[in-house]
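Reviewing the structure listed below.
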Amino acid sequence: MGDSLALLRLQVEWGADETIDLGPIDRLRPVEARPAPLPRPVPVMEPPRGTPGERALGLAGQAATLDELRAALAGFDGCALRDTATNLVFAEGDPASPTLIIGEPPGREEDRSGHVFAGPEGQLLDQMLASIRLSRTELMLTPLLPWRPPGGRPPSPGEIAICLPFLHRLVALLKPQRIVLFGGTAARAVLPQLQARRRGPRVWVEGNLPGLPAALPCLALPGLAEMLKNPPLRREAWAGLRLLRRAIDQNLNANVTPH
């Protein structure tokens, strides 16, 4: 140990400042090129499978909350209406309300604002609700479709079929006690048994919607746009609204505990 330490001190005194290998190194020998490592393959995300209707059904079924359902709609590219609409029009109001109002597809004002029942139709709805001592803040409101058809044209059966799973999931999440439908398109989409019936007394009918354990009482009324063009239709709507007020009062009386 002492000799090794003495030799090390001697090398330092002679100016050694680095260690060398035991054998000579040929620094002029060409360096062998090593193959570059292959890049890792980038995982490819598989696109959703199935028809647009099947994809809509799958996305809607995965939504556990209203926020998730809205996000699913915003990301859904299976309906061409999304590409031509200005805004997504989603449900608004009180999610705890026992009454759900479903209107026709969004119009120009709804498309511009992104809010359901906007413009003159919304003003008429507010007046009608006020006549039975209700306001939209006490209810839940949604359009039949989340996007406006181009130019306000009627939606095609295919467009309705693609979007219906999202509406059905909305109803399943809200669990309302009753549904009020404004307009023939909304009524026939939710209640196919109505066929094309346009006249007759307004009555509650049973609606069997997917995702619900039992049928819901549903009330079909004339469309708001129709009532603006044809005021006599408001008489039919008034009769239906009185049925709605009566049903709400009956529920309120049933929940009152006598003292």
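Values as computed for the structure displayed
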| quantity | calculated |
| --- | --- |
| Any hit, the range 38-46, residues being modelled with pLDDT under 95, in contact with a helix residue (DSSP H, G or I) (Cβ under 6 Å, 6 or more places away or on another chain), over 24 Å from GLY184 (Cα atoms) and part of a loop (DSSP other than H, G, I, E, B) | no |
| All positions within the range 46-76 that are over 12 Å from ARG169 (Cβ atoms) and over 12 Å from the mean Cα position of the chain (by Cα) | GLU46, PRO47, PRO48, ARG49, GLY50, THR51, PRO52, GLY53, GLU54, ARG55 |
| Enumerated helices (runs of 4 or more DSSP H) restricted to the range 145-259, each holding at least 2 residues that are closer than 21 Å to ALA96 by Cα and without any contact (Cβ under 8 Å) to a residue 60 or more places away in the chain | 233-255 |
| Checklist (1) of a type in the set (Val, Ile, Thr); (2) surrounded by fewer than 19 Cβ atoms within 10 Å (Cβ to Cβ); (3) part of a loop (DSSP other than H, G, I, E, B) applied to VAL89, failing item | (2) |
| Residue check, ASP94 under 12 Å from PRO143 (Cβ atoms) and modelled with pLDDT of 95 or more | no |
| Qualifying residue in the range 120-133 (condition: of a type in the set (D, E, K, R) and assigned to a loop (DSSP other than H, G, I, E, B)) | yes |
| From the options LEU181, LEU228, residue that is at pLDDT 95 or above, in contact with a helix residue (DSSP H, G or I) (Cβ under 9 Å, 6 or more places away or on another chain) and farther than 30 Å from ALA60 by Cβ | LEU228 |
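The values are calculated or read from the model by the stated rules, or taken from the named source; none is laboratory data. Note that the coordinates shown come from a computational prediction; the quantities given were computed from them, not determined experimentally. For neighbour counting, all protein chains shown are included, and Cβ atoms are generated from backbone atoms with ideal geometry for every residue, glycine included.
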